[in-house]
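Where a number appears in this text, it was derived from the coordinates with a stated rule and is not lab data. The structure displayed is predicted, hence computed values, not measured ones. Glycine also receives a Cβ, built like all others from the backbone with ideal geometry; neighbour counts cover every protein chain displayed.
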Amino acid sequence: MSASVYIPPHPRPLEKRLPLRETIRRGRESFLALYYADQYERDWFASRILLRPMFFCNSPDTVREAFIDKAALIERKSPQMRHALEPLLGDGLFISDGLVWKARRRTVQAATHVSRIAELIPVMTEVVEEWVRSWEARAGQEIDILADMAELTSEIICRALFGRQLGSRARRVVVEAFTAYQAKVEQMDVASLVGLPDWFPRFQGLRVGREARHIQRVVGELVDAILAAPEGEGSLIRAMAEAGTMSRDGFRNEAATLFMAGHETTANTLAWAWWLLANAPWEAEALRAEADAALGGRVASHEDLPNLPRARAVIEETLRLYPPVPVLAREASDATTIAGQPIAKGTMVAISLWLLHRHRKWWQRPDHFEPERFLPGAAPVDRYSYVPFSLGPRVCTGMHFGLYEAIIALSGLAQRFTVSALPGHEAFPVARLTTRPGAELRMRLDRRAA
């Protein structure tokens, strides 16, 4: 453990039960404020929200049993996630299940497999080099680091998905529409919590329809252009077309899914990492020293990644403290048991990554920012107590893409710049579809002192 200590912002655990109306109000704002102190120590717990039974796996053993050993029974995404994202993603991989999911998974996984990452990293390096120049022009100014990282990661995923020329042209339109979509989307599917079936109208589309249609139109036009060209620049869409067959709408929905997963989650992680480093300057200096030695002023390439263990540790610790997708929830398709407890058909089986990653049994000083726990030679982390990219059959296909993208961006920019917290300003986690530091995160950007 470092001699210096930083405990990042987090909601205070509840000590007593809340009235139902207050629970729903808080849940719609950010459900991270709904956890009780004892839930940070339990191996599992069951609850009921309105009429919907819930079972939370909160230990490595229960996580493995539910999401690995019994994954076939506990596969379908939660009604909340499906109804929140269906207007945008259609039958995309993130929310589909059954035969559609299996067929799409094979195609998408072939295009995003770790063996192909080396082909995509030059795009990451190229974009970060552009951001170095952009930050040079803005040094000494106050910036919204969340918005800036969203622009950086969206540029990377758009070029990776659609190629350099098409991707850059569409990026801003898609990013702005997705941000508006997330701001409007409903955070609690009350209809499912009172037992109403999937076909019952949620009216979700009325709130977010404009943004969803806008994204689908732009992404669909890009997909059409790529698929119509007999040859062209390498891209994830072209790789998927070579790996399997899908309908035009299938390609569009998977492109929207990859954009969402590859832009929003990594942008949030990078914004949180800058905040953590700004408040733990000893960690920032250690990161810069590593980057100086490994890169000498360059932005990392694929060959440099093994030489950046501290940058990777900072990202992994950020993912532990602020998991981009804070809850993994599945619907039991049949009756079963977990930890010897009966699970009825239709029960929501969930992992709160927020609780699991801060569990008092599985982590020492769980609320502290300590990247050292992920450095080579540290005590091994139980693979089922740390699952920022999900696990089992539904593990994130873009896991390596997002991890390497974050390492390259953080190490490349930290060599040249410091990002400082503004006096009196405190970031605070808000969980909607993802874990964000609020609507914006304003910080000061400066050139690194010589």
Next on the checklist: Taking amide H atoms as placed 1.01 Å from N in the peptide plane, list the residues 5 or more away in sequence, or in a different chain, whose amide H sits under 5 Å from that of VAL430.
Outcome noted: ARG436, GLY438
Checklist entry - Between rounded, prolate and oblate, where does the chain land on the alpha carbon gyration tensor, with a ≥ b ≥ c its root eigenvalues, rounded for a/c under 1.5, else prolate if a/b exceeds b/c? => result oblate
Item to check | Alpha-carbon centroids, segment 241-280 and segment 1-75: separation in whole Å | outcome: 25 Å
Item to check | Long-range lysine pairs (8 or more apart or interchain), the chain, Cα under 21 Å | outcome: 5
Next on the checklist: To the nearest 20 Debye, how big is the dipole of the chain about its Cα centre, given +1 on the beta carbon of each Lys and Arg and -1 on that of each Asp and Glu?
Outcome noted: 1140 debye
Checklist entry - Within a Cβ distance under 13 Å of HIS359, other residues only, what is the Lys/Arg minus Asp/Glu net charge? => result 0
Item to check | For ILE49, distant residues with modelled amide H under 5 Å away | outcome: MET54
Checklist entry - How do the peptides 84-94, 8-18, 378-388 rank, highest first, by the average count of neighbouring beta carbon atoms within 10 Å per residue? => result 84-94, 378-388, 8-18
Item to check | Surrounding net charge for ARG447, when Lys and Arg each add one and Asp and Glu each subtract one, Cβ distance under 13 Å | outcome: +4
Next on the checklist: Quick check on the chain: helices-only [θ] at 222 nm, where DSSP H runs of length 4 and up contribute -39,500 (n - 2.57) each and the sum goes over total residues. Nearest 500, please.
Outcome noted: -16000 deg cm²/dmol
Checklist outcome for this item: Ranking GLY90, LEU319, ALA421 by how far each Cα lies towards the positive end of the charge dipole of the chain (+1 on Lys and Arg Cβ, -1 on Asp and Glu Cβ), the top one is GLY90
Item to check | Three-way shape call for segment 201-355 based on the alpha-carbon gyration tensor, with the a/c threshold at 1.5 | outcome: oblate
Checklist entry - Counting Lys +1, Arg +1, Asp -1, Glu -1, what net charge surrounds ASP382 among other residues with beta carbon under 11 Å of its beta carbon? => result +2
Item to check | Cα gyration tensor category, rounded, prolate or oblate, for segment 1-134 with a/c compared to 1.5 | outcome: oblate
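Which value, in debye to the nearest 20, gives the size of the charge dipole of segment 335-437 about its Cα centre, when Lys and Arg are +1 and Asp and Glu are -1 at the Cβ?
With only Lys, Arg, Asp and Glu charged at Cβ, the dipole is about 300 debye.
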Checklist entry - Most fluctuating residue of ASN307, ASN268, ASN279 in a GNM of the chain with Cα springs under 10 Å: which is it? => result ASN307
Checklist entry - Per-residue HN-Hα couplings for segment 53-67, Karplus 6.51 cos²θ - 1.76 cosθ + 1.60 at θ = phi - 60°, whole Hz, x for Gly and Pro? => result x, 10, 10, 9, 7, 9, 8, x, 5, 6, 4, 5, 4, 6, 9
Item to check | Farthest toward positive dipole pole in segment 105-178 [+1 Lys/Arg, -1 Asp/Glu at C-beta], among SER154, VAL114, GLN141 | outcome: VAL114
